[in-house]
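A short write-up of the structure that comes next.
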Amino acid sequence: MKTTHSTLSELAPVRVLAALLERLEHSAIPVDAAQYQAVVARLDAALRTVKPSDALRDLLAEHPAASELYENAHYEVAGLCRSPLESSVAAEQQARTVIQRAMQIPRESSANGQS
């Protein structure tokens with residue numbers, strides 16, 4: 001995808017809203033729910049107007065909350081393509097390992113003749 005000057009200017013509102021959402025996500029002070037919802041709604045609307053580009057990809061890489069919102073809004077065409085595959089696979093492998101260990105360890109209550 002080619003990044004053009006118009007793409008960068010078109011992304012300005014998205015960049016501002018994405019940065020604001022990140023600040024709200026990581027705020028040590030409780031955030032008003034209405035304010036949070038308003039930012040998410042405005043960012044969602046802004047994301048729906050931009051075309052995919054390298055600049056958008058880079059912006060979403062910098063702002064995980066905006067990336068998640070974008071992925072959810074474009075799920076029908078993108079699926080979970082913005083989610084890191086490596087972390088998903090690692091989590092699945094870890095879950096399988098834990099489940100296998102749990103299946104191999106006899107329960108204490110069963111070992112003592114209790115149910």
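Return yes when residue 21 is modelled with pLDDT of 95 or more and surrounded by 15 or more Cβ atoms within 10 Å (Cβ to Cβ) and no when it is not. Here the answer is yes, as residue 21 does meet what is asked.
Within the range 97-113, the set of residues being modelled with pLDDT under 85 and either at positive phi or assigned to a helix (DSSP H, G or I) (or both) comprises 108, 109, 110, 111, 113. Would you check if residue 15 is part of a helix (DSSP H, G or I), of a type in the set (D, E, K, R) and touching a residue at least 24 places away in the same chain (Cβ under 8 Å)? Against the criterion (part of a helix (DSSP H, G or I), of a type in the set (D, E, K, R) and touching a residue at least 24 places away in the same chain (Cβ under 8 Å)), residue 15 qualifies.
A search for C-beta distances below 9 Å between a residue of the range 79-99 that is under 28 Å from residue 66 (Cβ atoms) and any residue that is at pLDDT below 85 and assigned to a helix (DSSP H, G or I), counting only pairs 6+ apart in sequence or on different chains, returns 80/88. Which of the residues spanning the range 68-88 are surrounded by 10 or more Cβ atoms within 10 Å (Cβ to Cβ) and either over 30 Å from residue 14 (Cβ atoms) or at pLDDT below 65 (or both)? Scanning the range 68-88 gives 78, 79, 80, 81, 82, 83. Residues that are without any contact (Cβ under 8 Å) to a residue 24 or more places away in the chain, under 15 Å from residue 67 (Cβ atoms) and touching a helix residue (DSSP H, G or I) at 6+ places or on another chain (Cβ under 7 Å) within the range 25-38 are absent altogether. Which residue is surrounded by the most Cβ atoms within 10 Å (Cβ to Cβ), if the candidates are limited to the range 40-67 and must be within 15 Å of residue 19 (Cβ to Cβ) and charged (D, E, K, R)? Out of the qualifying residues, it is 42.
The values are calculated or read from the model by the stated rules, or taken from the named source; none is laboratory data. Computed from a predicted model, the values in this text were never measured in an experiment. All Cβ positions, glycine included, derive from the backbone under ideal geometry; neighbour counts span all protein chains shown.
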